[in-house]
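Single-structure report; data block below.
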Amino acid sequence: MSASTLIVVRDETIAVHGGYTPDSTRAVAVPIYQTVAHDFVDAAHAGAVFDLETPGFHYNRINNPTVDVLERRMTSLEQGVGAVAVSSGAAAVRLSVRNLTGLGSNIVTTPQLYGATYTYFAAVLPSEGVEARFAADDTAEAIEALIDDNTKAVFCESIGNPAGNVVDIEAVADAAHRHGVPLIVDNTVATPLCLKPFVHGADIVIHSLTKFVGGHGTTLGGIVIDGGRFPWAEHPERFPMFSRPEPAFHGVVYARDFPDRPYAVRARTVGLRNEGATLAPLNAFLLLQGLESLSVRLERQQHNARLVAEHLAAQSRVSWVRYLGFDDNPYHLLARKYLGDRFPSIVTFGPAGGYDAAIHFFDSVKLFKRLVNMGDAKSLVAHPASTTHRQLDEAALAKADIPPEMIRLSVGLEHIDDIIEDIDQALDA
Ligand SMILES: Cc1ncc(COP(=O)(O)O)c(C=O)c1O
């Protein structure tokens, strides 16, 4: 059997080869198509591409062959039916919600969210006429209690950043579906290699590709992936944008004309085309490079993270440690259900001495980089209360489950002894 006839089915293989068929040049790396547009054969061809009758590329705000490979590879890893890559994870959050909301509608969300997602929901969406309803906690019951006739989506992070909660996706999806509402899951922290939200009932999955997928702290990117299972056409009142002629794209009726993936097609032809949060081809290339080594990076980072968590838990200078792999973590059973034994390489802890001790630790590290990214090959430290979640007041911090003294470590690929020596010297300082 030649390599070209091998069926690419397993995640580690998809991450390296998925979505790419070399052209006649047989280039082994995905080519960077650094172009703004594509030459139409003639007017008939141009019309057919614009009408989405013929697959093809026209203008690179909307699609690009390098970005297309990334979209296909991520779709395949998540077991979805189509995807739209965008310029950042924040753009993915926005597109995922904008694609199905309008004036007077609402979304229901867990309170544990990444900081900019929280502020987008709490402070920006309302100015666009969309209310974000924050559930009291991340349980299906608390979420279901807030769903009404104007609810267009339930939103959650499969593993909250930085709270480290694990959402029971199956229960939350069931609750949303009972009301004819889809579930959007931000799967950034878990990565598609460790958790597949569509398998558990989610309808739309998004990622910040900036984190684990890119993996080297070089490139921003995001993606919105359509699971293809939500029955939009059965809810024309709630989701008129999929069942009525689309004024922003010459009267297409997405649920009728693209029944297998109406959400993804609308996200591209309305969201990306008109709002323009396009991912650059070079950035797609860099993210593809990261994706190729994701599986081995995760193994090492998760191994290092366990050793870091165990070390921290043994220190008298540390008041508490949150690590999903610990049996006594309140989310441990859910983590086992959704992740098996692949616990994320994010460890949070509270130094004894509270807020001031946390700032002191942050200021004292030498190997860890002080910044607000995660999933990098390098070990990173963040203090959420004074950075990513700075805009939250005390009550909102408590609801988001972020103690003021919380230090978040994103454990990298360095030698474990060097990582632990740095933690020790910063605690001693
Ligand atoms: C869970 C989660 N979603 C979305 C984002 C936003 O991603 P980006 O920084 O790529 O815009 C982040 C960023 O940290 C995140 O942690």
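Exactly one of (1) touching a residue at least 12 places away in the same chain (Cβ under 8 Å); (2) in a loop (DSSP other than H, G, I, E, B) is unmet by V172. Its number?
Unmet for V172, out of (1) touching a residue at least 12 places away in the same chain (Cβ under 8 Å); (2) in a loop (DSSP other than H, G, I, E, B): (2).
Residue under question is A136, and the condition is that it be assigned to a loop (DSSP other than H, G, I, E, B), more than 16 Å from the ligand (Cβ to nearest atom) and of a type outside the set (V, I, T); does it hold? Write out each step before concluding.
On the way: assigned to a loop (DSSP other than H, G, I, E, B): yes; more than 16 Å from the ligand (Cβ to nearest atom): yes; of a type outside the set (V, I, T): yes.
Criteria met by A136.
Filter the stretch 212-236 down to residues that are surrounded by 24 or more Cβ atoms within 10 Å (Cβ to Cβ) and part of a loop (DSSP other than H, G, I, E, B) and give me whichever is farthest from the ligand (Cβ to nearest atom). Quick ask: steps written out before the conclusion?
The initial filter retains those residues of the stretch 212-236 that are surrounded by 24 or more Cβ atoms within 10 Å (Cβ to Cβ), namely 212-215, 221-227, 230.
Imposing the further condition that a residue be part of a loop (DSSP other than H, G, I, E, B) reduces the set to 212-215, 221, 227, 230.
Working: F212: 10, V213: 10, G214: 9, G215: 13, G221: 7, G227: 18, F230: 21 Å.
Per the criteria, the residue is F230.
For residues that are within 30 Å of P245 (Cβ to Cβ) and touching a strand residue (DSSP E or B) at 6+ places or on another chain (Cβ under 9 Å), tally how many sit in the stretch 266-307.
Here is the first cut: in the stretch 266-307, the residues within 30 Å of P245 (Cβ to Cβ) are 266-279.
With the extra rule that they be touching a strand residue (DSSP E or B) at 6+ places or on another chain (Cβ under 9 Å), the set shrinks to 267-268, 271-273, 277-279.
Summing the residues that are within 30 Å of P245 (Cβ to Cβ) and touching a strand residue (DSSP E or B) at 6+ places or on another chain (Cβ under 9 Å) in the stretch 266-307 gives 8.
Looking at (1) among the hydroxyl-bearing types (S, T, Y); (2) part of a loop (DSSP other than H, G, I, E, B); (3) closer than 19 Å to F249 by Cα; (4) in contact (Cβ under 8 Å) with a residue 12 or more places away in the chain, which one does S96 not meet, given that it meets all the others?
(2)
Of all residues in the stretch 221-245, which are in contact with a strand residue (DSSP E or B) (Cβ under 8 Å, 6 or more places away or on another chain) and farther than 14 Å from G180 by Cα?
Residues satisfying the conditions are G221, G222, I223, V224, I225, D226, G227, G228.
A short reminder: the numbers here are calculations on the coordinates, not readings from a lab. Here the structure is a predicted model, which means the values were calculated and not measured. A quick note on method: Cβ atoms are made from the backbone with ideal geometry, for glycine too, and the neighbour counts reach across all protein chains shown.
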